[in-house]
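Chemist: Here it is: the structure, laid out below.
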Amino acid sequence: MQDVIVVGAGPAGNNAALSLASQGYGVTVIDSRENIGDKLCTGLVGEECFRRYPIDPGLVYRDISAASVIAPSSEVVRFETPSPVARVVNRVAYVSSFADRATEAGAEYRLGHRVVRLDQCKDRVSVVTESGTTDARSLVLATGFGSQLNRQLGLGEPSDYVVGVQALVQTDGVDEVEVYLGRDVAPGFFAWLVPTQPGYALAGLLVRKNAPERFANFVSARQMEGKITELVDKPSCWGIPLRPLRKTYANRVVVVGDAAGHVKPTTGGGIFYSLMASEVASETLQQALREDQLSANRLATYQKEWKSLLSNELEVGYSARRVFEFLGDSHISSLICQAGKNGFVSELAASPDVFFDWHSSMIGKIMGHPTLGSVLRLVNPLLARMAKPSGPTEIFVPEPAEEFSPEASMAETGTPV
Ligand SMILES: Cc1cc2nc3c(=O)[nH]c(=O)nc-3n(C[C@H](O)[C@H](O)[C@H](O)COP(=O)(O)OP(=O)(O)OC[C@H]3O[C@@H](n4cnc5c(N)ncnc54)[C@H](O)[C@@H]3O)c2cc1C
C-alpha cells in the first residue's frame, strides 16, 4: 500500500507529489490525461511564483512589465513597471517540470487513467480507475475544476465559478498584454491578448454566459483592427472556481488547487495559489503520516493553514470581483479614466506593496483613492472595511458618485450564475 495517492497531475498535484516523494514517502500520481499539464491556461505567472518555484529560462516566452487596459469607451490606460512583474511561460513544460522532479524523487506516474471512484475505509483509501484499484494510506485530490470526486466525498463543490475561453492566434503588432473591459466584450470580467512567441498571442476571455459567442465577437473585433490576423486553433472552454470549498479535508483526504477553489477571484489565476496550497497540504500530510493520525479532525490543520495564508486574499478579491460585476460601462470607463489621471496608475505600478499575486493591498489603495474609492464604497461598504487602505489612515468623506445605480447595473447584467 502506498503512503499517498495524488489524483491529478496539474501544478497542485505534481508539487504535492514532489514535496512528499522528496521526503521519502511512497507516492503514486494518477491522471486521466496522457500529456501532463496540457490544460487550458494562459501561462501568465508572477515573479514571486518564479522565485519560489523556479523555471528553466528556456520555457519563458516573455517577461511582462507593461500592460494596456482598454476601457469600454476605447480609452487606453497603460501600466508600466520598472522591472518585470510576471512572465508568460510554456505552461505544459512548466507543469511537467514539477512531475519530472517528482519522478526523480521516486514518485510513480500512471497517466491515461481516469479515477472513477474513491472508497474511504477505516485504514486506507481505495482509488478506483477503469483498469483497477489502488490503495493508499492517504489521498491528495488535485483534480482541478469540475471534478465529480469532490462531490463523492461529500465535500460539495465551489459555490461560484466563471467560464474561460481561449485560443492561440496570429497577431500583428501585439507586443504587450492587452486587457479589454466592458459589457460588449466580457460583462463583469475581461478579455485578453497575451503575446507568447513573436507573432502569436493567446486570445481569451472570462464570462458567466455565452462564452463561445462572446469569444467569436472579440476575435472578429480584433481582426477588424488588424491585431489578430488568424485563429491558429479552435477555441476551448474550461471553468474556473471563484470561491473555495467550505471543507477541503476528509478522513485520509486533502483537496488542493482548483478542486479546492485556490484561485485569485479577481483574475482567475490559480497556478501560484495551487502550488502554495499543495505545499501546505504536503506538510500537514507528512506529519499526519508520521503519527499515523489521518482522521478528518487531524487533517483540519491543513484548512486552517491554507486559510491563514490565502483566506484574506480570496475574500477581499471575491468582494472586489462582485463589485466590479455591478458596474456599468460608463462607470468602468470613468474609473479607468480617473485611474489614468494624475499619475495614480504609475503610483500603483511602482508601489512596493502592490503585487501581481496579492491583490488585497492594491484593492485597499484603490478604495483609498478619493474618486475611485467613493464610487466603489457606495457599491460595497463591506469591501471598504475588508480592504484596509495601506499608508496613513485618513478620514475621507465620499462625494456622491454621478449617476451611479447598482440596481440599474444589475438589471443590465441579469443575475449572475
Ligand atoms: C482560460 C484559462 C486561462 C488561465 N490562465 C491562467 C494564467 O495565466 N495563470 C494562472 O496562474 N492561472 C491560469 N488559469 C488557471 C489555472 O490554469 C489553474 O488554476 C491551475 O491549472 C490549477 O491547477 P490544478 O493542479 O489545481 O488543476 P489542473 O491544472 O486543472 O489539473 C488537474 C488535473 O487533474 C486531472 N483529473 C481530473 N479529474 C480526474 C480524474 N477523475 N481522474 C484522473 N485525473 C483527473 C486532469 O486531467 C488534470 O490534469 C487559467 C484558467 C483558464 C480556464
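Chemist: Return the residues of segment 270-285 that are in contact (Cβ under 8 Å) with a residue 40 or more places away in the chain, away from the ligand (no atom under 12 Å from the Cβ) and touching a Leu at 6+ places or on another chain (Cβ under 7 Å); say none if nothing qualifies.
Modeler: Once the filter is applied, which keeps residues that are in contact (Cβ under 8 Å) with a residue 40 or more places away in the chain, away from the ligand (no atom under 12 Å from the Cβ) and touching a Leu at 6+ places or on another chain (Cβ under 7 Å), segment 270-285 yields Ser282, Leu285.
Chemist: Against the conditions (1) in contact with a strand residue (DSSP E or B) (Cβ under 7 Å, 6 or more places away or on another chain); (2) of a type in the set (Ser, Thr, Tyr); (3) surrounded by fewer than 22 Cβ atoms within 10 Å (Cβ to Cβ), where does Ser138 fall short? Just the number, please.
Modeler: (3)
Chemist: What strands (runs of 3 or more DSSP E), lying completely within segment 28-90, carry at least 2 residues that are touching a Phe, Trp or Tyr at 6+ places or on another chain (Cβ under 7 Å) and at pLDDT 95 or above?
Modeler: 86-89
Chemist: Which members of segment 273-297 meet the condition of being open to solvent by 50 Å² or more (accessible area, probe 1.4 Å) and either assigned to a helix (DSSP H, G or I) or outside the structural domain of Val95 (by TED's automatic domain parsing) (or both)?
Modeler: Glu279, Glu283, Gln287, Arg290, Glu291, Asn297
Chemist: Does Gly226 satisfy the condition of being outside any helix (DSSP H, G or I) and buried (at least 17 other Cβ atoms within 10 Å of the Cβ)?
Modeler: Numbers: outside any helix (DSSP H, G or I): yes; buried (at least 17 other Cβ atoms within 10 Å of the Cβ): no.
Answer is no for this residue.
Chemist: Inspect segment 72-81 for any residue being open to solvent by less than 50 Å² (accessible area, probe 1.4 Å), free of Cβ contacts under 8 Å to residues at least 60 places away in the same chain and of a type outside the set (Phe, Trp, Tyr) and give the result as yes or no.
Modeler: Checked against the condition, which is being open to solvent by less than 50 Å² (accessible area, probe 1.4 Å), free of Cβ contacts under 8 Å to residues at least 60 places away in the same chain and of a type outside the set (Phe, Trp, Tyr), segment 72-81 yields no hits at all.
Chemist: Just to be sure before I move on: is Val127 closer than 30 Å to Lys234 by Cβ and in a strand (DSSP E or B) in the structure I sent? Working first, answer last.
Modeler: Numbers: closer than 30 Å to Lys234 by Cβ: no; in a strand (DSSP E or B): yes.
It is false that Val127 is closer than 30 Å to Lys234 by Cβ and in a strand (DSSP E or B).
Chemist: Six or more apart or on different chains, Cβ under 9 Å: which pairs go from a residue in segment 239-262 that's without any contact (Cβ under 8 Å) to a residue 24 or more places away in the chain and on the phi > 0 side of the Ramachandran plot to one that's near the ligand (Cβ under 8 Å from one of its atoms) and assigned to a loop (DSSP other than H, G, I, E, B)? Could you list them?
Modeler: From residues that are without any contact (Cβ under 8 Å) to a residue 24 or more places away in the chain and on the phi > 0 side of the Ramachandran plot, there are no pairs.
Chemist: Another question, if that's okay. Determine which member of the set Glu108, Glu104 is touching a residue at least 60 places away in the same chain (Cβ under 8 Å) and of a type in the set (Asp, Glu).
Modeler: Details: Glu104 fails: touching a residue at least 60 places away in the same chain (Cβ under 8 Å).
Unique residue meeting the criteria: Glu108.
Chemist: Pairs only if they're at least six apart or on different chains, beta carbon under 7 angstrom, first in segment 1-25 and part of a helix (DSSP H, G or I), second open to solvent by 30 Å² or more (accessible area, probe 1.4 Å); list them, first residue then second.
Modeler: Going by the 7 Å Cβ cut-off, the qualifying pairs are Asn15/Glu279; Leu18/Arg101; Leu18/Ala105; Ser19/Glu279; Ala21/Ala105; Ala21/Gly106; Ser22/Ala105.
Chemist: Looking at (1) over 23 Å from the mean Cα position of the chain (by Cα); (2) modelled with pLDDT under 75, which is the only condition His331 fails?
Modeler: (2)
The values are calculated or read from the model by the stated rules, or taken from the named source; none is laboratory data. In this text, all values refer to a predicted model and were calculated from it rather than measured experimentally. Don't worry about glycine lacking a Cβ; one is built from the backbone with ideal geometry, like all the others, and counts go over all protein chains shown. Each accessible area value is taken on the protein alone, full model and side chains, heavy atoms only, with ligands, DNA and RNA left out. Shrake-Rupley method; radii C 1.70, N 1.55, O 1.52, S 1.80 Å.
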